[in-house]
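A short worksheet on the structure shown next.
Bear in mind that the values in this text are calculations on the coordinates, not laboratory data. For clarity, every value in this text was computed on a predicted model and none was experimentally measured. Heads up, the Cβs are rebuilt from the backbone with ideal geometry, glycines too, and the neighbour counts pull from every protein chain shown.
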Amino acid sequence: MNIQTIGVIGCGLMGSGIVEVAARTGFDVIVSEANDDFLQAGLARIDKSLGRAVKKGKLSEDEMAAIKARITGVVGLDAFKDVDLAIEAVSENIDLKRSIFEKLDEVTRPEVVLASNTSSISIAALAAVTRRPDKVVGMHFFNPVPVMALLELVRGILTSDETLAVAREIGERMGKTPVVAKDSPGFIVNRLLIPFLLDAIRMYEAGLATKEDIDTGVKLGLNHPMGPLTLTDFVGLDTTLFVADVLYEEYGDPNFKAPPLLRQMVAAGLLGRKSGQGFYDWRR
């Protein structure tokens, strides 16, 4: 399948990163948001990221202009009739995602692959609302998308070999290294990551160490690029809680049970970098 135009639904932290990487690797991109305010905020995030790349000498001004020219922002999904691949990247809400897949199934051509950037929701559950379940696949990118090399491909029970091959090819063209997971909660990375993050929160909650020392211990002792509490702020405390609840409901394993502190912080609106405050203050 000759894919040149990619549609991305959602221009938040993840969606804007996917748009940027797709445009930087030569794809034309149509990105959709629910309203113009969200759209302009997402496009501004892309402009800022590209501007940083220019300052660091990784892009020229002309290259940045060419990348931006390949990006078209829209409100709604009607323009997706022209896309060759659609990637949904909205928040982890199954009802919202299913409604988007229903609409995509209506507006895109029948042969177009529909992908989800979900980190935990069943691909089969999304495919079930379409008339093309064989063409639905998970394409789970990692934050920040322009930096992280991994792409988790998730094969639903009805996902075809051809669809998986398309997703792999597009991921490789974007410069990512694909891995393939079965359609089980948490897939590969979050199945391993979430207990790690929750244990760090429990340790902090119990007063066993400061947040700074927990993060420094993991960075220097395990050679991780950032500590678990910083990482939770990047992932989003609400996203971490959502994925933990999905995993706990599915497996019943206490390692996936969210600690009270995480629920309290989410209830208080302390969601991490996206809200300006989480375990750390990001407003500075």
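Using +1 on the beta carbon of Lys and Arg, -1 on that of Asp and Glu, and nothing else charged, what's the dipole of region 191-267 about the Cα centre, debye to 20?
My answer is approximately 100 debye.
Among bridges DSSP assigns within the chain, what percent are antiparallel (round to 5)?
Beta bridges within the chain, antiparallel portion: roughly 20 percent.
In a GNM of the chain with a 10 Å cut-off on Cα contacts, which of PRO185, PRO110, PRO133 has the highest mean-square fluctuation?
Result for the chain, Cα springs under 10 Å: PRO110 fluctuates most.
Residue-wise, which Karplus ³J(HN,Hα) couplings in Hz belong to region 244-250, taking 6.51 cos²θ - 1.76 cosθ + 1.60, θ = phi - 60°, and x for glycine or proline?
4, 5, 4, 5, 5, 5, 6
Using each residue's phi in region 178-189, evaluate 6.51 cos²θ - 1.76 cosθ + 1.60 at θ = phi - 60° and report the 3J(HN,Hα) Karplus result to the nearest Hz, with x for Gly and Pro.
Working through the residues one at a time gives x, 10, 10, 10, 6, 7, 10, x, x, 6, 8, 5 Hz.
Would you work out the relative contact order for region 5-182, in percent, from Cα pairs under 8 angstrom that are 6 or more residues apart? Please report the intermediate quantities before stating the final value.
On the way: 345 pairs, mean separation 37.0, N = 178.
Once normalised by length, the contact order is 21 percent.
Please list, in chain and number order, the residues 5+ apart from VAL113 or on another chain whose amide H is under 5 Å from its amide H, with Hs placed from the backbone.
Under 5 Å from the amide H of VAL113 lie the amide H atoms of ALA86, each far enough along the sequence or on another chain.
If amide hydrogens are placed 1.01 Å from N in the peptide plane, which non-local residues have theirs closer than 5 Å to the one on ASP183?
The list, which skips near neighbours in sequence, is ARG155.
With respect to the cross-link table entries LYS68/LYS176; LYS182/LYS211; LYS58/LYS81; LYS55/LYS182; LYS176/LYS274; LYS48/LYS81, which display a Cα-Cα separation exceeding 32 Å?
With Cα atoms farther than 32 Å apart: LYS182/LYS211; LYS58/LYS81; LYS55/LYS182.
To the nearest 10 degrees, how steeply does helix 13-24 sit against the main Cα axis of the chain, on a 0 to 90 scale?
Between the helix axis and the principal axis of the chain, the angle is about 40 degrees.
Long-range amide H contacts for LEU271: which residues qualify at under 5 Å (H placed 1.01 Å from N, peptide plane, sequence gap of 5 or more or a different chain)?
GLN277
Which ³J(HN,Hα) values in Hz, rounded to whole numbers, follow from the phi angles of region 211-219 under the Karplus curve 6.51 cos²θ - 1.76 cosθ + 1.60, where θ = phi - 60° and Gly and Pro get x?
Values, residue by residue: 4, 5, 6, 4, 5, 5, x, 6, 4 Hz.
May I ask you to derive the relative contact order of region 191-267, considering only C-alpha pairs under 8 Å and at least 6 residues apart, and to give it as an integer percent?
Averaging sequence separation for qualifying contacts and normalising by length gives 35 percent for region 191-267.
What number, in percent, do you get for the relative contact order of region 146-224 if the mean sequence gap of Cα pairs under 8 Å and at least 6 apart is divided by its residue count?
Computed over region 146-224, the figure is 27 percent.
Extension gain ALA69-ARG173, at 0.36 nm per residue separation less the Cα-Cα distance, in nm?
35.5 nm
Just subtract the alpha-carbon distance of ARG109 and ASP213 from 0.36 nm times their residue separation and send over the number in nm, one decimal.
Gain on extension, ARG109 to ASP213, equals 32.2 nm.
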